[in-house]
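Novice: Mind looking over this structure? Questions follow.
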Amino acid sequence: MTKEHTQKKLIDRFGRQVEYVRLSVTDRCDLRCFYCMPKSHKEFQAPAHWLDTGEIERVIRAFTTLGTRRVRITGGEPLTRHDLTGLVQRLAALPMLEDLSLSTNAIRLEKFATPLRQAGIQRINVSLDTLDAVKFKQITQGKLDKVIRGLMAAKEAGFQPIKINMVVMQGINDHEVLEMVDFCAEHGFTLRFIETMPMGETGRNAQNHYISLHRIKARLARRYTLIPDIMPGGGPARYVRITGTDTKIGFITPISQHFCDTCNRVRLSVDGTLYMCLGQNHRFALRPLLRQGISDEALQQAITQAIDLKPERHEFTEKPSQVVRFMSMTGG
Ligand code: SAM
Ligand code: SF4
């Protein structure tokens, strides 16, 4: 690593260092979680617009030269992308990338857990909102048993930690939080609760089921003694541990207690657009530059310029209608 590389950093207008990229490798998905993507949704990016493996590798390499050390692959559902394992191998080989992780719905994980681990994924997050197969079908249109098999395969493959992300919704699954804690404790998973966000029409409709995680935490505290804890990984979750166990529980509270002042990330969508904030529309198109043959140096300059667009904070509460894209388009 050269001295120049160690010194470069991406600092935004508000003094925050951007050192984490969420990489969406597809906007497609094999589920239809009602708070994310409409059942009938078919308007996906054309394959000609997808960044290919070489283009993604170039952009991520440029980010690592500018101080990024962590990348999380997401989507849409990343496991629906056929060249994912090869892409993971290429990214894992980038010398300055220290942490490569994946978010998945786990529908295809039974088959891909071991190949992805061998290719270089270090940590894995799985979305799971319920342990009730009928409810799972209602929320996602998919089959719970596939997810459970995928999770067990991830455990078998040696991923550590495995984090379960549960979007908590009043009147839908909020009564299941204790059951989910028990499930995660039994399997050694870390559990993270997430508040619904008004992203796109789907996310806005889901706000009817919004529940502040402060209430969920209070509910847990009646049953367990919770000790504040930390978890490496650069995320916004605030963690507690259940006393006398290793089970950690994280609370991701974009609505009730936002964490924008410590935001360290940007998102690259499958079509090569950099999104500066989940809850705002500031963006920068990299694909045209990549396809015009931009140099590595100019690519780094373009990324630095893009970071100047990063807004101070989201406005989910003040302007809940302003983000029309679904979470699956930007990569959650
Ligand atoms: N398909 C993968 C998955 O489900 O884990 C990765 C992409 S998904 C968009 C990433 C995360 O966004 C999931 O944990 C999902 O629950 C969350 N998500 C989607 N729409 C949301 C919304 N409106 N509010 C809060 N979280 C949302
Ligand atoms: Fe697909 Fe993930 Fe969105 Fe569910 S949350 S529809 S699994 S992208």
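The values are calculated or read from the model by the stated rules, or taken from the named source; none is laboratory data. Since we're looking at a predicted model, the values are computed, not measured. Note that each Cβ is placed from the backbone with ideal geometry, even for glycine, and that neighbours are counted across all protein chains shown. All accessible areas refer to the heavy atoms of the entire protein, side chains included, with ligands and DNA or RNA removed. Shrake-Rupley method; radii C 1.70, N 1.55, O 1.52, S 1.80 Å.
Novice: How much accessible surface does THR225 have with a 1.4 Å probe, in Å² rounded to 10?
Specialist: For THR225, the solvent-accessible surface is approximately 90 Å².
Novice: Separate question: 222 nm [θ] for the chain, helices only, -39500 (n - 2.57) per DSSP H run of 4+, per residue, to 500?
Specialist: Calculated at 222 nm, the ellipticity per residue is -9500 deg cm²/dmol.
Novice: Same structure, new question: Using only protein heavy atoms and a 1.4 Å probe, report how much of LYS39 is accessible, in Å² to the nearest 10.
Specialist: Counting only protein heavy atoms, the figure is 150 Å².
Novice: Spelling out what I want: for every residue of segment 217-228, take phi, set θ = phi - 60°, compute 6.51 cos²θ - 1.76 cosθ + 1.60 (Karplus), and round to whole Hz; glycine and proline get x.
Specialist: 3J(HN,Hα) across segment 217-228, in whole Hz: 4, 4, 4, 5, 5, 6, 9, 10, 8, 9, 10, x.
Novice: Can you work out the Karplus-derived ³J(HN,Hα) for every residue in segment 170-185? Use 6.51 cos²θ - 1.76 cosθ + 1.60 with θ = phi - 60°, whole Hz, and x for glycine or proline.
Specialist: Each residue's phi maps through the Karplus curve to give 4, x, 10, 9, 5, 6, 9, 5, 5, 4, 5, 4, 4, 4, 5, 4 Hz.
Novice: Which whole-Hz couplings ³J(HN,Hα) result when phi for each residue of segment 236-253 is put into the Karplus expression 6.51 cos²θ - 1.76 cosθ + 1.60, θ = phi - 60°, listed in order with x for Gly and Pro?
Specialist: x, 5, 9, 9, 10, 10, 7, 4, x, 9, 9, 6, 9, 10, x, 10, 10, 10
Novice: For segment 56-118 and segment 304-320, what is the centre-to-centre distance using only Cα atoms, to the nearest Å?
Specialist: Segment 56-118 and segment 304-320 have Cα centres separated by 25 Å.
Novice: Over 24 Å between C-alpha atoms is what I'm after, so list which of LYS143/LYS319; LYS248/LYS310; LYS39/LYS248; LYS163/LYS319; LYS8/LYS310 land there.
Specialist: Beyond 24 Å between Cα atoms: LYS143/LYS319; LYS248/LYS310; LYS39/LYS248; LYS163/LYS319.
Novice: For segment 64-143, go through all pairs of different Cα atoms, get the mean of 1/r, take its inverse, and jot down that Kirkwood value in Å.
Specialist: About 13.7 Å for segment 64-143.
Novice: If amide hydrogens are placed 1.01 Å from N in the peptide plane, which non-local residues have theirs closer than 5 Å to the one on ILE162?
Specialist: So ILE162 has HN proximity to THR190.
Novice: What FRET efficiency do you get for ALA298 and GLU43 if R0 is 41 Å and r is their Cβ-Cβ distance, rounded to the nearest 0.05?
Specialist: So, using R0 = 41 Å, E works out to roughly 0.80.
Novice: Taking DSSP loops as anything outside H, G, I, E and B, show the longest stretch in the chain free of GluC sites (Glu not before Pro) there with at most 11 other beta carbons within 10 Å.
Specialist: By the stated rule (loop sites, at most 11 other Cβ atoms within 10 Å), 44-317.
Novice: What share of the DSSP beta bridges in segment 3-330 is antiparallel, in percent to the nearest 5?
Specialist: Looking only at bridges with both residues in segment 3-330, the antiparallel portion is about 30 percent.
Novice: Amide H to amide H under 5 Å from ILE211: which residues, 5+ apart in sequence or cross-chain, H placed 1.01 Å off N in plane?
Specialist: GLN170, THR196
Novice: Could I ask something else about it? Give the ranking of PHE183, PHE112 by solvent-accessible surface, highest area first, calculated with a 1.4 Å probe.
Specialist: PHE112, PHE183
Novice: Another question about this same structure. Leaving ligands and nucleic acids out of the surface, order HIS82, HIS187, HIS49, HIS314 by accessible area at 1.4 Å, largest first.
Specialist: HIS82, HIS49, HIS187, HIS314
Novice: Evaluate E = 1/(1 + (r/R0)^6) for ASP145 and SER321, where r is the Cβ-Cβ distance and R0 equals 30 Å; express this FRET efficiency to the nearest 0.05.
Specialist: Plugging the Cβ-Cβ distance into 1/(1 + (r/R0)^6) gives 0.20.
Novice: Arrange the residues ARG222, ARG13, ARG22 by how much accessible surface each exposes, largest first, with a 1.4 angstrom probe.
Specialist: Putting ARG222, ARG13, ARG22 in descending order of accessible area: ARG222, ARG13, ARG22.
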